[in-house]
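Have a look at the structure below, then the notes.
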Amino acid sequence: MRLSLIFVVCSCAWGPRVLAGDAAAARDTFWPQWRGPLMTGHAPHGDPPIEWSESKNIKWKVEIPGLGHATPIVWGDRVYIQTAIKTDRKVEPKKPAQQEPPPHGGRGRNWMGSVTPTHINEFTVLALDRRTGHTVWQRVLREELPHEGGHRDASQASNSPATDGEHIIAYFGSRGLYGLDMKGQVLWEKALGKMKTRRGFGEGSSPALHGDTVVVNWDHEDQSFIAAFDKTTGSQRWKVDRDEPTSWSTPHVVAVDGKRQVITSATNRIRSYDLTSGSVLWHTGGMTGNVIPSPVVAEGMAYFASGFRGSALIAVRYGKAQGDITGTSALAWTYEGKSTPYIPSTLLCNDALYFLGENKPILSCVDARTGQAHYTERLEGLQGVYASPVSANGRIYVTGKGGKTAVIQHGPEFKVLATNSLDDEFTASPAIVDKEIYLRGHKHLYCIAAE
């Protein structure tokens, strides 16, 4: 492994309206983790533009080396982003050994859309200046040939980092879990093993950072587990085996009567674990196969969805949940409609839950308290959607792979406010902070703000 640090720009005259030291206020103001400050996709203090193009409302546009589908995170005057940089160092592939059939009914790896890795990758974290987009520091955490190539639409850096303004938790799955300070210095690292994902499709779950604890969910085709680590030292606090096939969903930490629990979504079971001990607090039936959407939580309700070869969407009153909650009043409602999301996570904006149908530009809105459907509408002009929707100031933002973003009015009535187009392909989910929306394309990172 090689560690490198490149300082390009280290000064910035611009400062955020909430200082990074004020952690409580900053957490709601910035975008510190996958799915934002509330882990719902909603930015409570955001107000980005409604309209943009390559020549309108682009504050800056910078090329990001390598490829990654990780959502950028934002804290203070910095944007942090993970990427995998394919080097020119080619490794001749070894002749594959005879493999035993994988568990959970898989058909082996390198099937259908998966690819075979051939080059050493640099697994890298970058810090960018929010004002200019210039690189402040760049840290290569590991250099190696990936043991799986991943799906043709995936990347080797699909996991998003997390921060609390003092630590950055960088996670590259099979390439390790890292604790960094805000200047990019590595404080600790943990090797967790090598994932054997379903059909070699790759990795994508992000870490959950809550207080002084980091939680990682490791569902794959060998022994799956969930584990908690000390954010300061990286020491393992607990590890619990899971009976689950590969999933890409990120855990969500919530509080009930002052006690923290970790909520997870997967194919066999939905489970909640005690954050302190790792013991299972409650569970119920799982989702469809290939669970990717992360649970979202607000107002005592947790929402779980998936949409591969089937449809599933349920709401759980997690404050009432104990043991096996199947058939109990802790299950608030089950959505009876179709077109639930395969890859994009759901968006919870105030009293409404939004989701895409599979990976298609078909947006549904339901009442978050009752599950009653408000509408299901096609977003004209958008191609397939892998990015999760986000919201701010009464607006919903849905970004398609082909470069178009539809801006929808929040509420029970469907109304398109704008459809914007950029010259890139988008798979990563947007991030919103203040009056800016950050869109990470396959080639560039855009900072969009009103001129």
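The values are calculated or read from the model by the stated rules, or taken from the named source; none is laboratory data. In this text the structure is predicted, and so the values were computed from the model without any measurement. Neighbour counts are summed over all protein chains in view; Cβ atoms, including those assigned to glycine, are modelled from backbone coordinates with ideal geometry.
Results, tabulated for the structure shown:
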{"read-out": "Count of the stretch 373-400 residues which are without any contact (Cβ under 8 Å) to a residue 60 or more places away in the chain and of a type in the set (Phe, Trp, Tyr)", "value": "1"}
{"read-out": "Residue satisfying all of: in the stretch 127-185; of a type in the set (A, V, I, L, M, F, W, C) and farther than 22 Å from VAL216 by Cβ; modelled with the lowest pLDDT among these", "value": "LEU145"}
{"read-out": "Filtered residues of the stretch 66-110 (kept if touching an Asp or Glu at 6+ places or on another chain (Cβ under 9 Å), crowded, with 16+ Cβ neighbours inside 10 Å and either assigned to a strand (DSSP E or B) or at pLDDT 65 or above (or both))", "value": "GLY66, HIS69, VAL74, TRP75, ASP77, ARG78, VAL79, THR83, ALA84, ILE85, LYS86"}
{"read-out": "Subset tally (residues that are assigned to a strand (DSSP E or B) and either surrounded by fewer than 24 Cβ atoms within 10 Å (Cβ to Cβ) or within 20 Å of the chain's Cα centre (by Cα) (or both)) for the stretch 421-449", "value": "16"}
{"read-out": "Single unsatisfied condition, ALA255 versus (1) touching a strand residue (DSSP E or B) at 6+ places or on another chain (Cβ under 7 Å); (2) farther than 21 Å from GLU203 by Cβ; (3) among the hydrophobic types (A, V, I, L, M, F, W, C)", "value": "(1)"}
{"read-out": "Within the stretch 298-341, tally of residues that are in contact with a His (Cβ under 9 Å, 6 or more places away or on another chain) and surrounded by fewer than 20 Cβ atoms within 10 Å (Cβ to Cβ)", "value": "4"}
{"read-out": "Of residues in the stretch 275-289 being in a strand (DSSP E or B) and in contact with a strand residue (DSSP E or B) (Cβ under 6 Å, 6 or more places away or on another chain), the one nearest to TYR342 (Cα to Cα)", "value": "GLY289"}
{"read-out": "Positions within the stretch 254-280 being buried (at least 20 other Cβ atoms within 10 Å of the Cβ) and more than 20 Å from ARG309 (Cβ to Cβ), in sequence order", "value": "VAL254, GLN261, VAL262, ILE263, THR264, ARG271, SER272, TYR273, LEU275"}
{"read-out": "Filter pass, GLU51 being at pLDDT below 95 and farther than 23 Å from GLY184 by Cβ", "value": "no"}
{"read-out": "Test result for PRO344, within 24 Å of CYS447 (Cβ to Cβ) and not in a strand (DSSP E or B)", "value": "yes"}
{"read-out": "Identity of the residue in the stretch 410-451, β-branched (Val, Ile, Thr) and modelled with pLDDT of 95 or more, that ends up farthest from ASN393 (Cα to Cα)", "value": "THR419"}
